[in-house]
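The values are calculated or read from the model by the stated rules, or taken from the named source; none is laboratory data. This structure is a prediction, so every number in the text was calculated from the model and none was measured. Backbone-built Cβ (ideal geometry, glycine too); neighbour counts: all protein chains shown. For the accessible areas, the whole protein counts, side chains as well, though only heavy atoms, and no ligand, DNA or RNA atoms are used. Shrake-Rupley method; radii C 1.70, N 1.55, O 1.52, S 1.80 Å.
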Amino acid sequence: MSISGLGSTGAGFQPVIMTAYSIACMAVTAMLRYALPGMVCLTLLACGRPATELEQVQAHNELIVITRNSPTTYYEGPDGPTGFEYELAKRFSEYIGVELRVVVPANFSDILPLTALGDANLAAAGLTVTRKRQEKVRFGPVYQKITPQLVYRSGSTRPKTLADLNGILEVVAGSSHEEQLEELKKDYPDLSWQTNDELDSDELLILVWEQLIEYTIADSNELSVNRYFYPELKPAFDISPPEPLAWAFPISEDDSLFNAAKTFFSNITEDGTLERIIDRYYGHIGEFDYVGTRRYQAHVEQQLPLYKDLFIKAATEIGMDWRLLAAIGYQESHWDPDAVSPTGVRGIMMLTQAAAKDMDIKDRNDPAQSIEGGARYLAKMLQRIPERVPEPDRTWLALAAYNVGLGHLEDARILTQKNKGDFDRWVDVKENLPLLSKKKWFQQTRYGYARGLEPVRYVDNIRTYYDILVWLTEQDSAEKTAVQPPPQFDSPAL
């Protein structure tokens with residue numbers, strides 16, 4: 001009888017036996033991944049195949065991500081590690097079920113070589129996708145676009161083209177900006193520049209601000225953030241059209257982790273999470289106001305010390321960062337205890353008579369009472385926002401209610417739902433608040449007309465004031481260090 005016959009014995013059954021064995025290995029591996037992660041690799045090897053990169057990451061329960069310290073990537077905030085790239089990486093590590101380990105090499109120029117050598121699973125550092133870089137690493141999905149810009153300091157002559165440069169142009173060594181200058185030199189033969197392998201882009205911006213160099217090149221998102229701290233920095237012109245940002249992975253035939261990242265970005269794009277994260281870090285950055293920023297920094301130095309202890313005391317009682325409460329006070333009155341609006345609200349926190357009565361505040365012009373009343377009123381607004389709403393959306397919604405009233409905020413949330421948005425997400429609600437001033441829409445609401453654009457600007461301004469205040473109050477602090485010390489890689493940087 002043929003060995004493939006149903007009644008045969010011996011070799012004819014080997015393929016069936018092997019299939020069952022493979023299925024058993026897969027089942028055991030799946031169980032071990034949840035029960036004994038450290039055994040996964042051994043089990044897979046015993047079953048006849050090596051573990052994939054994703055399975056190895058899960059077995060070690062650690063995703064190693066290379067990044068850099070900057071306001072747009074990763075830094076230590078008031079509540080611990082934060083930053084746009086950090087939050088994305090943290091969410092990805094949770095998506096694949098492992099812990100995140102962040103490492104920060106000494107120099108930016110080390111990031112891609114170390115990634116290419118496989119000393120980390122990926123690099124999440126605000127990296128521009130370029131042809132030259134694609135020869136060393138492979139890039140995941142594009143999640144943001146930026147524009148590289150030539151930066152100079154106000155007070156000096158603004159160059160209109162690269163031919164107009166009159167001074168030192170310095171860029172980060174190994175950056176995409178260096179690549180761009182090499183290409184542009186073909187059109188500008190006299191173009192010259194210096195590279196710095198010790199300082200990051202943010203630090204070169206400070207050198208321009210300190211007038212130690214005349215120019216640098218920075219991505220538009222980095223410049224927008226840093227201008228609130230160094231208002232004299234200005235963009236002269238764009239170096240190129242908008243360019244994509246993406247994570248970098250080692251080039252490998254193993255696509256398991258790479259494909260997991262592709263699925264992750266697809267998911268957070270479709271469900272709105274990516275949009276919400278972008279809004280969290282960049283949504284409040286609008287058209288730059290040089291005069292307003294400089295005035296605010298002067299008030300922080302001159303006015304804030306008079307009321308700082310009051311803000312700290314009131315914020316502590318409601319469990320809030322005092323700097324956020326102070327930012328609200330500045331938005332309301334510029335920390336003027338005698339401020340009065342045409343509608344009769346008054347004091348540092350600009351309390352209405354009704355709010356003051358509700359909070360049992362006798363004298364709205366008394367700084368201590370006003371700040372205490374404002375803090376308690378904000379706490380009340382926070383309590384009225386559903387607990388299911390995650391932070392920081394819950395705080396932004398509460399601030400909008402503080403400004404426009406809880407009734408109007410609820411109207412806007414209902415309109416958000418009608419317009420197929422998420423009424424628990426600030427990024428969606430802020431798009432619908434301005435509709436409260438349009439007859440077509442406010443006629444559909446319970447509380448009617450409101451100046452809906454006002455709370456949007458109100459929240460955006462407070463977020464900006466808060467960011468600046470956090471930065472200013474931490475300037476004298478000890479230099480922050482990364483959560484994990486930079487690792488000692490076995491492979492040298494290229």
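Along each principal axis, taking the top coordinate minus the bottom one, the Cα set of region 196-263 gives 48, 26, 22 Å in descending order. In this structure the amide hydrogen of residue 62, modeled in the peptide plane, comes within under 5 Å of the amide hydrogens of 99, none closer than 5 places in sequence on its chain.
With each label modelled as a point 7 angstrom along the Cα→C-beta vector, the residue 352-residue 270 pair spans 4.4 nm. Accessible area ranking (1.4 Å probe, heavy atoms, ligands and nucleic acids excluded), largest first, for 453, 63, 406: 453, 406, 63.
In a reduced charge model with +1 at each Lys and Arg Cβ and -1 at each Asp and Glu Cβ, the chain shows a dipole moment near 1940 debye about its Cα centre.
Each helix, a run of at least 4 DSSP H residues, gives -39500 (n - 2.57); summed and divided by the residues of the chain, these come to -14000 deg cm²/dmol at 222 nm. At a Förster radius of 25 Å, what calculated FRET efficiency corresponds to the Cβ-Cβ distance of residue 82 and residue 132, to the nearest 0.05? Calculated transfer efficiency: 0.20. Across all directions, the average projected area of the convex hull around the alpha carbons of the chain is 32.8 nm². Rounded, prolate or oblate: which one fits region 139-241, using the alpha carbon gyration tensor with axes a ≥ b ≥ c (rounded when a/c is under 1.5, else prolate when a/b beats b/c, else oblate)? Cα axes put region 139-241 in the rounded bin.
Here's the picture: charge each Lys and Arg Cβ at +1 and each Asp and Glu Cβ at -1 in the chain, and of 174, 60, 299 the one pushed furthest to the positive end of that dipole is 299. Stretching the chain fully between residue 308 and residue 107 yields a gain of 68.6 nm (0.36 nm per residue, less the alpha carbon separation).
Quote to one decimal, in nm, the extra length available between residue 368 and residue 195 on full extension: 0.36 nm per residue of separation minus the C-alpha distance between them.
Working: separation 173, 0.36 × 173 = 62.28 nm, distance 5.22 nm.
Using 0.36 nm per residue and subtracting the Cα-Cα distance, I get 57.1 nm.
The length gained by stretching the chain between residue 255 and residue 282 to full extension, at 0.36 nm per residue less their Cα-Cα distance, is 6.5 nm.
Compute the signed sum of charges (Lys and Arg +1, Asp and Glu -1) over the other residues within less than 15 Å, Cβ to Cβ, of residue 347.
-3
List the aspartates and glutamates whose Cα sits under 19 Å from the Cα of residue 186, skipping any in the same chain fewer than 8 residues away. Reachable aspartates and glutamates: 164, 170, 178, 238. Accessible surface of residue 306, taken over heavy atoms with a 1.4 Å probe and every protein chain present, rounds to 110 Å².
Let a ≥ b ≥ c be the square roots of the eigenvalues of the Cα gyration tensor of region 102-195; is it rounded (a/c under 1.5), or, if not, prolate (a/b larger than b/c) or oblate? Can you show the working numbers first?
Working: a/c = 2.20, a/b = 2.03, b/c = 1.08.
It comes out prolate by the Cα gyration axes.
Legend: residues 440, 234, sorted from most to least accessible area (1.4 Å probe; ligands, DNA and RNA excluded), read 440, 234. Taking the longest Cα principal axis of the chain as reference, the axis of helix 367-384 is set at about 40 degrees. Among the GluC sites (Glu not before Pro) within region 278-374, those in coil by DSSP and having at most 13 neighbouring Cβ atoms inside 10 Å are 287. Considering only Cα-Cα distances, which of the following residue pairs are longer than 18 Å: 418/440; 357/380; 418/438; 308/357; 132/185? Distance filter (> 18 Å) returns 308/357. Axis angle, to the nearest 10 degrees, between helix 453-473 and the longest C-alpha principal axis of the chain: 80 degrees.
Given a 1.4 Å probe, how much area per residue of the chain is accessible, in Å²?
Working: 24470 Å² over 494 residues.
I get 50 Å² per residue for this part.
Between the helical axis of 290-302 and the longest alpha-carbon principal axis of the chain there is an angle of about 70 degrees.
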